[in-house]
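First the structure, in the form of structure tokens, and then the observations on it.
Every number here is computed from the coordinates shown, using simple stated rules; none is lab data. Since the model is a prediction, treat every value here as computed from it, not as a measurement. Here the Cβ is made from the backbone with ideal geometry for all residues, glycine too, and neighbour counts use every protein chain on show.
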Amino acid sequence: MTRELLKHVYVFLLLFVGPALQAQGIAPIISEYGHGKVNGSFTVMNNFLEPVSVVIQKYSFSVNPEGKSTIRQLDPSIHIELDSMSARIGAKQQHEFAYKVKCDTLPCWGTFNASISGAHVSNGIGLVMIVPHTFYVCQDKQTGCRDRIRHGAFHLYK
Amino acid sequence: MTARPLFPFLLLLLALMSTSQAQFIELKGGDSSLFDAGGGGVVLHFPNTTETFGAGIAGGHLQFGASSAFDWNQWHLTAGDDYLGLTVGTGLAVPLRGLTGERKWKKQTLTVFSGAAGQFYSFPYFSATSVNHFGTGVLYQSKLPHGLEFSTMAVHVGSQYTAIGALHYLWKELDASGAVGLLQSQPFGNGSISYKPIKSLSFFATRQNYFFDVQQALTAGTSSSLVQEESTISSVGGSANLRGLSLSASTLTGTSGANQVSGQTFGGAIHPGPLAITSNYYRSAHGGSLTSAFTEKLTRRWSVSQFLLYSQGKWSLNYGGSFTSNRLTTSVGYITSFVPDSPGVSPFQQTISVSMTWQLPHSTTVTLATNTLPNGAVRWSTYGNSYARGPLQFGDVAGQSRIDETTLTAKFIIRGIVNDLSGTPVAGAAILVGKETAFTDSDGTFFVRFRKKNAVPIKVVAGDFRAPGNWHVISAPDMVTPEPQDKASVVNIVVSQVV
């Protein structure tokens, strides 16, 4: 019976936990770092049925007190090193991008936009899906870094 | 040969004939002593329909399945194998073979079914259904105001009735769900509630009914029958997070037939720097057992673990860990399960698991896993799947699906820029550098990192550009040499779009 029970538990996990893990195109969506040190990574998941190509671009952004965000070229005070800036990901596979960030002033923040597109088209429109990974870096502790930046720099309190 | 054994082969023949028309083809196969099943399946994705075929040996018998899913008017129809699933409060699924129709409105979903019902075999590598009774059923789900969600399912299979009503309520930090009714003509009741009064404190209470069809040998090695057994697990507990220290406690009660067991768990976890320390104490009528795990994240890819176990007066130390890369993910760890039907031994049972998953070229993934059960028996599973564009064009246009394994520690780099004849940067150009395919960003730039300073060939793969249109190469070098990152020159490539 033990084996039978375990079998059902595993089948249950495969049926219901597996699909949940596959639900997003990028993970984590947000990363917080403390003590000015950033040695992070994010994973792009290809949930399509064919291989895709991914190109990573880095940007700075700001948010006004109403919550509207504006994206711009990466600030020169933020230095980012990526292990790779593009990849091809097989159907239902995933790829991890590693990065290091060094900021001249803290706190700092930025975003990586992963633009995902499918096979080459000779005629018509090439569709691109963009999913972001955002990082926040604080001088003090990691926990609550995003909230402190939202309150201190963006004056967002909701 | 009777008509029944012929049927799976006819299905396979139909699947093979259909591949020539399919837009995408998914192939999968595997074998497992843990699941006691081996087989394979094909999923064919057409523009308007999805066809699924599966066949294999499960529990010593040949099982097969096939289905075709398509839209008709405002209904989503499935002809063949499907299941009627009531997820709210139950996680219940009734396996079916026949015609299933689903209609969705803004806040309501209605599913109706008619055909036959039986047993469902679902594995990572094939799905099959064995049916033995006529069945018909209906499932209705509705989202109500004030965070309420109502679901009801009524199914008639053979001489047995299933009629269940379920309610889910979500309000701020309170999450409650419950289901009551008849499951295969037997009383059934499930419920769970969780509440988080403050951010660092949470409580929960659950009661779950489980029904299992257990293969029971009548005479050793000759014949067997399916016997339905019921287990009920109830648990109450809570957890608190105090300045990085997580504490949890729960009490569990399980009944399975005449066997009744209970136990308590107490746990703690702390994450000082790259270290994660978790410790759990499990108490039952058969004594206490302690499981402590010390996990250290050595690098982004590597972590090592030590597992300290105390059970039945004995201490043991085991080692595990994990390695994660873009090509291979492997881990060795321990899982503690609460198993109510375990007479004479502790209901808390430790299982050692080892798993390896490879992401291979051409959209192929292979997994190998072993599980050492509490009685020492080793069970293994191996399975894989692959995706192709129909008709059976595997992988990518350029045939390069290699997964980049460079790291930030790679000292050398090749940088480049792709422009058109007017000097405008070309975004999405595909450049094969050595064995890696790089794509340019919106500035037309690309880079690839290397561990060694060996010259590599460089090639523009016009047929793989992300940018639409037909492209040809005006100028590009044949070979390039990686250089140190701070001294790397820029490789210039010029392409032109054919109008």
| Residue order, fewest to most surrounding Cβ atoms within 10 angstrom, among B:266, B:64 | B:266, B:64
| task | Check cross-link reach from residue B:452 to the aspartates and glutamates: straight Cα distance under 13 Å, and skip same-chain residues fewer than eight apart. | result | B:483
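What FRET efficiency do you get for residue A:153 and residue B:248 if R0 is 45 Å and r is their Cβ-Cβ distance, rounded to the nearest 0.05? Numbers along the way, then the final one.
Details: r = 36 Å, r/R0 = 0.80.
Efficiency computed from Cβ-Cβ geometry: 0.80.
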| said: Please compute the volume of the convex hull spanned by the alpha-carbon atoms of segment B:99-166 and report it per residue in Å³. | reply: 110 Å³
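Send over the per residue convex hull volume for segment B:412-498, Cα only, as a whole number of Å³.
Values: hull volume 7.0 nm³, N = 87.
Expressed per residue, the convex hull around the Cα atoms of segment B:412-498 is 80 Å³.
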| said: Using a Cα-Cα cut-off of under 30 Å, which lysines could be cross-linked to residue A:141, ignoring same-chain neighbours fewer than 8 residues away? | reply: A:37, A:58, A:68, A:100, A:102, A:158, B:172, B:196, B:199, B:297
| request: Please work out how much length the chain gains when fully extended from residue B:201 to residue B:366, using 0.36 nm per residue of separation minus the C-alpha to C-alpha distance, in nm with one decimal. | output: 55.3 nm
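Other chains near B:288-301: what is the mean number of their Cβ atoms within 10 Å of each residue's Cβ? Don't skip to the end; give the middle numbers.
Numbers: counts 0, 0, 0, 0, 0, 0, 0, 0, 0, 0, 0, 1, 6, 3.
Neighbouring Cβ atoms belonging to other protein chains average 1 per residue here.
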| Peptide-level mean, for B:435-446, of C-beta atoms on other protein chains within 10 Å | 4
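Could you sort B:410-419, B:129-138, B:242-251 so that the peptide with the highest average Cβ count within 10 Å comes first and the rest follow in order? Intermediate values should be presented prior to the final figure.
Values: B:410-419: 19.5, B:129-138: 17.3, B:242-251: 13.0.
So the order, starting with the most tightly packed, is B:410-419, B:129-138, B:242-251.
Where Rh denotes the Kirkwood radius from the mean inverse Cα pair distance, what is Rg over Rh for chain B?
Numbers: Rg = 28.3 Å, Rh = 27.7 Å.
For chain B, the value is 1.02.
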| said: Suppose R0 equals 41 Å. What FRET efficiency, 1/(1 + (r/R0)^6) with r the Cβ-Cβ distance, do residue B:424 and residue B:48 give to the nearest 0.05? | reply: 0.55
| What aspartates and glutamates sit close enough to residue A:92 to cross-link, taking a C-alpha to C-alpha distance under 17 Å and skipping anything fewer than 8 places away on the same chain? | A:50, B:26, B:396, B:404
| Two-decimal log10 I(q)/I(0) for segment B:251-318, as the Debye equation yields it once each C-alpha is a single scatterer, q = 0.16 Å⁻¹ | -0.67
| message | Could you give the length gained by full extension between residue B:142 and residue B:297, i.e. 0.36 nm per residue of separation minus their alpha carbon distance, to one decimal place? | response | 51.2 nm
| task | Please arrange B:252, B:99 by counting, for each residue, the other beta carbons lying within 10 Å of its beta carbon, fewest first. | result | B:99, B:252
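Please report, in whole Å³, the volume per residue of the convex hull around the C-alpha atoms of the protein assembly as shown.
Working: hull volume 129.5 nm³, N = 657.
Expressed per residue, the convex hull around the Cα atoms of the protein assembly as shown is 197 Å³.
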| Across segment A:39-125, how large is the tail of the calculated P(r) beyond 16 Å, expressed as a percent of all Cα pairs? | 62 percent
| task | Work out the FRET efficiency for residue B:483 and residue A:102 from their Cβ-Cβ distance, taking R0 = 25 Å, and round it to the nearest 0.05. | result | 0.70
| field | Average partner coverage of A:44-52, which counts Cβ from other chains inside 10 Å | value | 4
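For the residues B:439, B:120, A:48, what sequence is obtained by ranking on other C-beta atoms within 10 Å, fewest first?
A:48, B:120, B:439
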